[in-house]
Structures are given as structure tokens and as C-alpha cells.
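Contents: one structure, followed by commentary.
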Amino acid sequence: MAIESFRDLIVWQKAIDLFILTVKDVESFPKTRAGFVIQDQLLRAVGSVSANIAEGFGRRGKKEYSYHLGVAKGSAAESVDWYEKVLRLKWLDEKTVKCRFELLDEIRKMLNSLISKIGFSNS
């Protein structure tokens, strides 16, 4: 099957799944200033993963595509950081956060593989 759209990419599909899970996760956060700030930051970081995969695919050039996949990897790392903060605040249980870490790690590995297949290094 040829990849005709970013929606055909399994890594993008997994990133969207993670976003949906995160939207549900943040609903339980406290309705405090810190709760709203962390909710916003986590949603932005997780949302940026799929958005950058899509944007890079749409640009079509190897250099631009690779750049945006690298940004998606950075957003995945940022998402891990925010989930770690949420875990330490005890706003989500350890089982849920471990599941998110595993999905983020899988996405990161898939992004690394895709960058390798493109054959353009950001460094």
C-alpha cells in the first residue's frame, strides 16, 4: 500500500490515539491555576506530535519533512516530561502514565525509523 496521505502513516495514527487519550486524561486534573496550565501544556505538547508529522508530510521535501519529524520527536520528549510531572503530582495513576510512556516511546522509535528511511539527517 502506497502512502498517499499522512493519515496513512501508523505513527500519525498512534499520535492521534495518544492525543485522544490525553484529552480524557486532563479532564481529571484539578480546576486550579496549576491544573489549567499543566493541562494546556500537556495538550499542546501531545498535539504537536501528530501536527508536525502532518505538516512535514505536506511539505514533501526531504529536508523539511525530516525537520518536522524531528520537531515531533521533541514534542514527544516534552510530553514525557509533562506526564512525569502529572505522575509526581498524583493527578493520574502510575498504570495510566506508564501506558502513555510506552506509547510515546513507540512513537519516538517509529519517528526515528521514518527519519532514517527518508535519508536526511537534521544534524
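Every number in this text was worked out from the coordinates using simple rules, so none of it is lab data. All of these numbers come straight from a predicted model, not from anything done at the bench. FYI the Cβ positions are ideal-geometry reconstructions off the backbone, even for glycines, and counts take in every protein chain you see.
Assorted remarks:
- Karplus (6.51, -1.76, 1.60) ³J(HN,Hα), θ = phi - 60°, over the range 25-31, in Hz, Gly and Pro reported as x: 4, 6, 4, 8, 5, x, 8
- Over the chain, DSSP H runs of length four or greater, each weighted -39,500 (n - 2.57), average out per residue to a 222 nm ellipticity of -27500 deg cm²/dmol.
- Dipole in debye (nearest 20) - the chain, about Cα centre, beta carbon charges: Lys, Arg +1; Asp, Glu -1: 200
- Loop-located trypsin sites (Lys or Arg not before Pro) in the range 6-98 (DSSP state other than H, G, I, E, B) with a sparse environment of at most 16 neighbouring Cβ atoms within 10 Å: Lys31, Arg60, Lys90.
- Normalised by the number of residues in the chain, the average gap of Cα pairs under 8 Å and 6 or more apart makes the relative contact order 28 percent.
- Sparse packing (at most 15 other Cβ atoms within 10 Å of the Cβ) combined with a DSSP loop state is found for the following GluC sites (Glu not before Pro) in the range 25-93: Glu27.
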